[in-house]
Amino acid sequence: MKHFLAQEFNKIYNKEAENAYFSPGRVNLIGEHIDYNGGLVMPCAITFGTYLLVSPNKDGIFRFRSLNFEDKLDIPVQDDYSKTGEYWFNYPLGVIEYFLKDGRPVRGLDLLFYGDIPISSGLSSSASIEVVTAFALNNLMNSGYSKLDLVKLSKSVENNFIGVNCGIMDQFAVAFGEKNKALMLNCDTLDYQAVDSNLGEYILAIINTNKPRKLAESKYNERVEECQAALTALQQQLDINNLCDIDTETFNKHSNLITDEIIYKRAKHVIEENDRVKLAAVALSQNDLDEFGRLMYASHNSLRDLYEVSGKELDAVAEYCKTDTNVAGARMTGAGFGGCAIALVKESAFESFSQKVIAYYISKIGYAPSVYSSLIGGGVGELLAESKKTKA
């Protein structure tokens, strides 16, 4: 991959790339729509992601190129930047804007991005681009940010520059991901625990419904508002800052405070899902994949019935998985409204699973999904670090 990208960089810029970086995508194993409610999520980094090759230039210009999109941008180094249309380069441009807002110096760069994450699938291609850009700039400009600083900065880009009300989970997972570990992250305190995730004979199947979902245009922001309404109602009697400050038992005692049925359903999902994450961490650490799978199905059902962010495409995948004895569990992952589902599938049966789930999906939906297999991978880093150490 690096050699191919180096050739492409040379072809575009007529020089060699001086640095190369990689930032993964992520799936959330369980704990959906929790990050903006101050609770526990359990994402992991995957082996797909975003590659970034960079060289400084003396022209005082940022040049953005991607092997995934024809759109490109050449823009001078200046005091501030603003979002232009819906182009992909808004994500790295937003990162540069936030470096400038923080008083960090920047200089002209030639940049080439390539991602093998399916676009608009819910695997955090946007967070992957943001974090790899922030990591590269921090490295090249000696900006002195910690990894957590880069996570917070990237989230601010998504919220304020791009205009999507996401929580911090996506950026955190792609930055701090560890091989063969899930991250149980408290989205309120940002404390996290790396949970051993030995999948044994199973691998992670990622099933892209191929129904694109544009997060900024979806009902995501509506769900954020509904959760806020639930929190406001509960605060009449409870001293809490987030929905996830209480457990299911406490919620049941005070749920009469929420008089709107839809708002009640949203809160019920969030609080029960937060409890499921705690149970899932125990199951994973004990290698109890049957229990973990049961929790995955319960999570999907809740997202379908209470939070109403699933849809016939994601439901079709979950329905099939329940009939396949080689699948331990499955659920939609990400914000929903299309995008991806994940399943724990026996590695020896992956090809058979792939063929059968595609056939079932076509029979229900009318077109094919895309099916990938992934391991749990590591977080953002510099690809050329080892060769530089060797030269040194």
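Give the stretch 350-383 a look and list any residue that's out of contact with any helix residue (DSSP H, G or I) (no Cβ under 8 Å at 6 or more places or on another chain), at pLDDT below 95 and either in a loop (DSSP other than H, G, I, E, B) or at positive phi (or both), or say none.
Leu375
With respect to the numbered conditions (1) out of contact with any Pro (no Cβ under 7 Å at 6 or more places or on another chain); (2) buried (at least 19 other Cβ atoms within 10 Å of the Cβ), which one is the sole condition not fulfilled by Ser128?
(1)
Tally up the residues in the stretch 36-54 that are buried (at least 24 other Cβ atoms within 10 Å of the Cβ) and either aliphatic (A, V, I, L, M) or farther than 21 Å from Asn139 by Cα (or both), please.
Within the stretch 36-54, residues that are buried (at least 24 other Cβ atoms within 10 Å of the Cβ) and either aliphatic (A, V, I, L, M) or farther than 21 Å from Asn139 by Cα (or both) number 11.
Just to be sure before I move on: is Asn57 of a type in the set (S, T, N, Q), open to solvent by 60 Å² or more (accessible area, probe 1.4 Å), out of contact with any Pro (no Cβ under 7 Å at 6 or more places or on another chain) and more than 19 Å from Asn160 (Cα to Cα) in the structure I sent?
No.
Going by the structure shown, is Ile30 open to solvent by 10 Å² or more (accessible area, probe 1.4 Å) and in contact with a strand residue (DSSP E or B) (Cβ under 8 Å, 6 or more places away or on another chain)?
no
Yes or no, residue by residue, for (1) under 23 Å from Lys101 (Cβ atoms); (2) in contact with a Lys or Arg (Cβ under 9 Å, 6 or more places away or on another chain); (3) assigned to a loop (DSSP other than H, G, I, E, B); (4) open to solvent by 20 Å² or more (accessible area, probe 1.4 Å):
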position	(1), (2), (3), (4)
Ser143	yes, yes, yes, no
Gln171	yes, yes, no, no
Asp188	no, no, yes, yes
Ile207	no, no, no, no
Asp239	no, no, yes, yes
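Among the residues of the stretch 300-338, what is the count of those that are closer than 14 Å to Arg223 by Cα, modelled with pLDDT of 95 or more and in contact with a Ser or Thr (Cβ under 7 Å, 6 or more places away or on another chain)?
Going through the stretch 300-338 one residue at a time, the tally reaches 2.
The values are calculated or read from the model by the stated rules, or taken from the named source; none is laboratory data. Predicted model only: the values in this text are computed from it and were never measured. Every residue, glycine as well, gets a Cβ built from its backbone with ideal geometry; the counts of neighbours run over all protein chains shown. The accessibility values were calculated without ligands, DNA or RNA, using every heavy atom of the protein model including side chains. Shrake-Rupley method; radii C 1.70, N 1.55, O 1.52, S 1.80 Å.
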